[in-house]
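Please treat every number below as a calculation from the coordinates, not as lab data. What you see is a predicted model, and the numbers here were worked out from it, not measured in a lab. Positions of Cβ are backbone-derived with ideal geometry, glycine not excepted, and every protein chain shown enters the neighbour counts.
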Amino acid sequence: MNPLDFLLEPLGYDFMVRALVTSVLAAVVCALLSCWLVLIGWSLMGDAVSHAVLPGVVLAYVVGAPFALGAIIFGVLAVVLIGAVRSPGRIKEDAAIGIVFTVLFALGLVLISVTPSQTDLAHIVFGNILGVSTADLVQVAILAVVAIAVLLVKRRDLTLYAFDPTHAHAIGLSPRLLGAILLGLLAVTAVVALQVVGVVLVVALLIIPGATAFLLTERFGRMLVIAPVTAAGSAVTGIYLSYWLDVASGGMIVLVQGVLFAIAFLFAPRFGVVSRLVGAGRSRAATAP
Amino acid sequence: MTAAIAIDALSVRYGDVIALDDVHLELQPGRVCALIGMNGSGKSTLLKSVVGLVRPTGGTVLVDGESPARARRRGAIAYVPQSEEVDWRFPVSVRDVVMMGRYGRQGLTRRPRAEDRAAVAEALARVDLADLADRQIGRLSGGQRKRAFVARGIAQDAGILLLDEPFAGVDKPSEATIVRLLRDLAAEGRTVLVTTHDLAAVGALADEAVLLLQRVLVHGTPAEVLTPENLSRAFGLETDGKGAL
């Protein structure tokens, strides 16, 4: 087969074009957000919020409201509940997160089962990127653009919040507000990514690109380039592979991201396992008598 | 003259734990004050009360005669955190960190203007880190790290600098450099409040010292404060054997 056909044939189908555009948008916005999440240590929080939005999405569907609205409400509710469960001090934070998000996710599953609709459980849980409609695409695009705009406008404040919230407070900014902005964006982004990979794998898009970028650079500005580029590349590669190998596209996108992470983990110039071993060997040789 | 920091009947409780109890303390501008006490004596809590990070259970804190919230919005307070509170792998350069001192004075996106760059360059030169400005913050020595955060306070042009354990993990030559720097900043009229349990540094550093154990035990010149009797009250019975004295 002509190699060009490998790239062009899938583009002959509208659903493939929509799948590519949607997954690249979702991957890029998740990747940008992931740069802050991995630095703050909010990976588990990302997992929690992305699962906890499920009942919000279902209820929004029932009343005909935008998915994002339901998602934000339940994302915030999850964060508030986690704080409430943890604050008396008996239950540790990881347990509080685990309890709240699984129970909210379960509520979402139950709601889906009683909702007379075409909301297909499998599509929400595992994503339905090949079934994205033009309306879905428009919604994803609007949410992604809003989230990216907020992230880029507030990026220095958010980085300050991640690095030194005490200083943010000391110069009159509100760390609480900045944290709330990030959590709101997390909820919005979860909705975007849900279309592509489903609730279960959203957290992958929200962690892996940032973690990969963090292995490759010591400059936050470069992380904000590397993460979305690797994520967009993974999305395109994953979709093509899923087309030609006839396998699950959401899963394939995350697999490609995982492979890129593994490569960075092993071979990153400074922080990779291999270069660390080589560096350790060199310094041992240098200090040997 | 308005006190730089005026603390009146301050009490702070965390649940059942009393961190500070009826603390009175006034600091004049242009002075370096060392806050001395053992772990759990309330030193950090006192600093955090000045910057408004902990809510007083009772009493008041005034900074330049106004509430800490107003002083923060003016950019009057700089806070240098303990080393353990900082993620040293964070992907920011020394220059980035110092630039964060300017954020309160910048527009919505904190895009640096020429005057911000100039202030940062000047602050870096002041603490002798101009050559290392592009290094990742964790690739500095303990003393250089502290100076980077002090430079952030200088770039902020804060009148009040609060430093939590600035000499922890810092070697002796660097300690002397930091002491000189803080003395210079006080000579410009800034107020410097430092927590430390490194008693050896206090004499060279501070104009006044405070011994803290939930309340102010003594407040005076370092010579007045650092007597064996006072120290045994503040630290219990560990004053005789320890080399730190």
Alpha-carbon spread of the stretch B:6-113, three principal axes, descending order, Å: 44, 32, 28
Among the listed pairs B:K43/B:K172; B:K48/B:K146; A:K154/B:K146, which have their C-alpha atoms separated by more than 25 angstrom in this model? A:K154/B:K146
Report Rg(Cα)/(2.2 N^0.38 Å) for the stretch A:176-216, keeping two decimals. 1.29
Which helices of chain A meet both criteria: a Cα extent of 20 Å or more along the helical axis and a mean Kyte-Doolittle score no lower than -1.0, with helices taken as whole DSSP H segments? A:14-40, A:67-86, A:93-114, A:134-153, A:175-197, A:199-216, A:220-245, A:249-267, A:273-287
More than 23 Å apart: what percent of Cα pairs in chain A qualify? 57 percent
Using the alpha-carbon centroid of each, what span in Å lies between the stretch B:133-176 and the stretch B:78-124? 12 Å
Report the Cα centroid-to-centroid distance between the stretch A:211-257 and the stretch A:152-174 in angstrom, as an integer. 28 Å
Could you tell me what % of all Cα pairs in the stretch A:143-245 have separations over 20 Å? 47 percent
Counting only C-alpha contacts under 8 Å and six or more residues apart, can you give the relative contact order of chain B as a whole percent? 27 percent
√(5λ) per eigenvalue of the Cα gyration tensor, the protein assembly as shown, largest first, Å: 50, 27, 21
Which ordering of A:L152, B:L108 is given by a fewest-first count of other beta-carbon atoms within 10 Å? B:L108, A:L152
Take the Cβ-Cβ distance between A:S174 and A:L109 as r, set R0 to 45 Å, and report the resulting FRET efficiency rounded to the nearest 0.05. 0.80
If r is the Cβ-Cβ distance from B:A114 to B:N39 and R0 is 41 Å, what FRET efficiency results, to the nearest 0.05? 0.35
Estimated D of the stretch B:83-193 in µm² per second, where Rh is the Kirkwood radius over Cα pairs and Stokes-Einstein applies at 4 °C, 1.567 mPa s: 92 µm²/s
Please report the orientation-averaged projected area of the stretch A:108-195, defined via the convex hull of its C-alpha atoms, in nm². 7.4 nm²
Work out the P(r) tail for chain B: percent of alpha carbon pairs separated by more than 30 Å, whole number. 25 percent
After finding the eigenvalues of the alpha carbon gyration tensor for the stretch B:145-230, what semi-axes result from the square roots of 5 times each, listed largest first in whole Å? 23, 15, 12
Taking max minus min of the Cα coordinates of the stretch A:1-135 on each principal axis, largest first, gives extents in Å of 64, 41, 22
Over chain A, with a Gaussian network built from C-alpha contacts below 10 Å, which listed residue (A:G108, A:G251, A:G172) shows the highest mean-square fluctuation? A:G172
Can you list, largest first and rounded to whole Å, the semi-axes you get for the stretch A:227-270 by taking the square root of 5 times each eigenvalue of its Cα gyration tensor? 22, 10, 7
Using alpha-carbon coordinates alone, the radius of gyration and Dmax of the stretch B:33-91 in Å work out to 13.4, 40
If I take R0 = 41 Å and measure r between the Cβ atoms of A:L266 and B:S232 in this structure, what FRET efficiency does the formula 1/(1 + (r/R0)^6) give, to the nearest 0.05? 0.10
